[in-house]
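These notes are about the structure you will find just below.
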Amino acid sequence: MVKKVVEGAVSLFFPAQCKICKRSLEPLNRSFICSSCWSKVKWLMPPYCSRCSKPFTPLDVPGGPFSLLCEECRTEPALYKRLLVPTLYEGVMKEAIHLLKYERKKRIFLEIKKILKRYLEQNSLPFSELNEIIPIPLHRKKLKQRGFNQAYLLAHFISRFSNLKLVDKFLLRIRETQPQIKLSKQERMANLKDAFQVRNGTSFRGKTILLVDDVYTTGATLREAARLLRTFETREIYVLTLARAP
Ligand SMILES: [Zn+2]
Ligand SMILES: [Zn+2]
């Protein structure tokens, strides 16, 4: 209570700045980023790969706009059916996710929820096929450090929206892994080897699962989790992330 009053008084005399453009935030904006910056979030627009949602430039659309698989998806085994993703991981969204994860600005999620809601409402997503939603887990050390799992926040919101069951006890992260982004393909695979473990694997048999994470960069983490879940005879796996590397 006292903290709130003090915060209120401070913000009256020193209005908080938008973390991106540094202009003063609107008085009631508690999401660290001004509405003008939020409005610049880049939505994923077609054409893109029909599996991994990699955006295509018009020149590299393979065989016309409706038979789209990118080079990688044509050569790699299909571990999941489709990546559902509203935005591109660049500009505002990249900053926002960074603030959420590494500066632990959890209130960023207030705006992220709105973006996700808009996406869920405006797209016909395969909810009727799905049985369960599973967030990509954090290693317990990282969870303790951060205080929350951003993938869980997203999965929880989708679960409330769709009335689908959220299951977060049976896919576990048992090994700490390095950030994937600077690693080569071989290094990524080695980095993720045995990163996950499944408990109660028989409960996944015959189910269609939505795996949820915050960002799809190389896709290696989600593919590894999907690969492991498939060994328990799941029927189908979809993946959803808030943003995707362009
Ligand atoms: Zn701004
Ligand atoms: Zn693809």
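Odds and ends about this structure:
- Across region 51-187 the C-alpha pair distances fall into 10 Å bins from zero in the proportions 9, 31, 39, 19, 2 percent.
- Database remark: amide H of Ile33 closer than 5 angstrom to the amide H of Lys19 (H placed geometrically; neighbours at sequence offset of 5 or more, or on other chains; Pro and chain starts carry no H).
- For the chain, a Gaussian network of Cα nodes joined below 10 Å ranks Lys106, Lys141, Lys42 by mean-square fluctuation, and the top entry is Lys141.
- The chain: most fluctuating residue of Ile112, Ile133, Ile20 per GNM, C-alpha cutoff 10 Å: Ile20
- A straight Cα-to-Cα reach below 22 Å connects Lys169 with the lysines Lys101, Lys141, Lys142, Lys144, Lys193, Lys207, residues fewer than 8 places away in its own chain not being considered.
- Relative to the longest principal axis of the Cα atoms of the chain, the long axis of helix 220-230 makes an angle of roughly 50 degrees.
- Take every pair of alpha-carbon atoms less than 8 Å apart whose residues are at least six positions apart; their mean separation over the length of region 131-203 yields a relative contact order of 34 percent.
- Each principal axis of region 97-139 carries a Cα extent, and these read 36, 27, 12 Å when sorted largest first.
- Put simply, when 72-81, 225-234 are sorted by average Cβ atoms within 10 angstrom per residue, most first, you get 225-234, 72-81.
- According to the calculation over all Cα-Cα pairs in the chain, the P(r) per 10 Å bin from zero is 7, 29, 34, 21, 7, 2, 0 %.
- Computed helical MRE - 222 nm, the chain, DSSP H runs ≥ 4 contributing -39500 (n - 2.57), nearest 500: -10500 deg cm²/dmol
- Normalised by residue number, the volume inside the convex hull of the Cα atoms of region 145-232 is 109 Å³ per residue.
- On Cα atoms only, tilt of 91-102 relative to the major axis of the chain in degrees: 90 degrees
Any read-out appearing in this document is the output of simple, stated calculations on the displayed coordinates, not a laboratory observation. Only a predicted model underlies this, so the values are computations on that prediction, with no experimental measurement involved. As a convention, Cβ positions derive from the backbone with ideal geometry for all residues, glycine included, and neighbour counts pool all protein chains shown.
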